[in-house]
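Just below is one structure, and these are the notes that go with it.
The values are calculated or read from the model by the stated rules, or taken from the named source; none is laboratory data. Model, not experiment: these values are computed from the prediction. Here the Cβ positions follow ideal geometry from the backbone for every residue, glycine too, while neighbour counts run over all protein chains shown.
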Amino acid sequence: MKRFPFLLVLLALVISAFQIGRASAQDDEITGSRKVVAKVVPKYPDIARSMNLTGTVKLAALVLANGSVKSIEVKGGNPLLVQSAQRAVQEWKWEKADHESTEDVEFRFHP
């Protein structure tokens, strides 16, 4: 009988692990002159998941000639989702070019 609460907690953890794996920013839209060659998908924040929060984050990434991100400007979005989107885009790589460019990125977060 003492194992029953332990088994309930274990079952709850297993179920939540499956839900955590599916929740992310599942849609993104990129506008600009350069092609993305390597993407990192933003993690859906735990607090946003607990609040069942959805929303769109708009960013403008200043991309160096070598394809790496120099800086990111937030154009809009819920602060709980913005940080996750910024972390992901910081890891992105664009194709090389002769000059810097500004690339617009939009993420739609939904659980």
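Looking across the stretch 41-51, the residues that are among the hydrophobic types (A, V, I, L, M, F, W, C) and assigned to a helix (DSSP H, G or I) come down to Ile47, Ala48.
Residue check: Ala12 meets all listed conditions (1) exposed (fewer than 11 other Cβ atoms within 10 Å of the Cβ); (2) modelled with pLDDT of 95 or more but one, namely (2). If you go through the stretch 52-67 and keep only what is in contact with a helix residue (DSSP H, G or I) (Cβ under 9 Å, 6 or more places away or on another chain) and not in a strand (DSSP E or B), you end up with Leu53, Thr54.
The set of residues in the stretch 71-111 being free of Cβ contacts under 8 Å to residues at least 40 places away in the same chain, surrounded by 13 or more Cβ atoms within 10 Å (Cβ to Cβ) and in a strand (DSSP E or B) consists of Ile72, Val74, Lys75. When restricted to residues that are out of contact with any helix residue (DSSP H, G or I) (no Cβ under 9 Å at 6 or more places or on another chain), of a type in the set (S, T, N, Q) and either at pLDDT below 95 or under 15 Å from Leu53 (Cβ atoms) (or both), the stretch 68-86 contains 1.
Residues of the stretch 56-111 that are farther than 13 Å from Lys43 by Cα and among the aromatic types (Phe, Trp, Tyr): Trp92, Trp94.
Looking only at residues of the stretch 26-40 that are touching an Asp or Glu at 6+ places or on another chain (Cβ under 6 Å), among the β-branched types (Val, Ile, Thr) and not in a loop (DSSP other than H, G, I, E, B), we find that the one that is nearest to Thr56 (Cα to Cα) is Thr31. Could you say whether any residue in the stretch 29-51 is closer than 18 Å to Arg108 by Cα, at pLDDT 90 or above and small (Gly, Ala, Ser)? Yes, the conditions are met somewhere in the stretch 29-51.
Does the stretch 87-109 contain any residue that is at pLDDT below 95, touching a strand residue (DSSP E or B) at 6+ places or on another chain (Cβ under 8 Å) and on the phi > 0 side of the Ramachandran plot? Looking for residues that are at pLDDT below 95, touching a strand residue (DSSP E or B) at 6+ places or on another chain (Cβ under 8 Å) and on the phi > 0 side of the Ramachandran plot, one finds none in the stretch 87-109, hence no.
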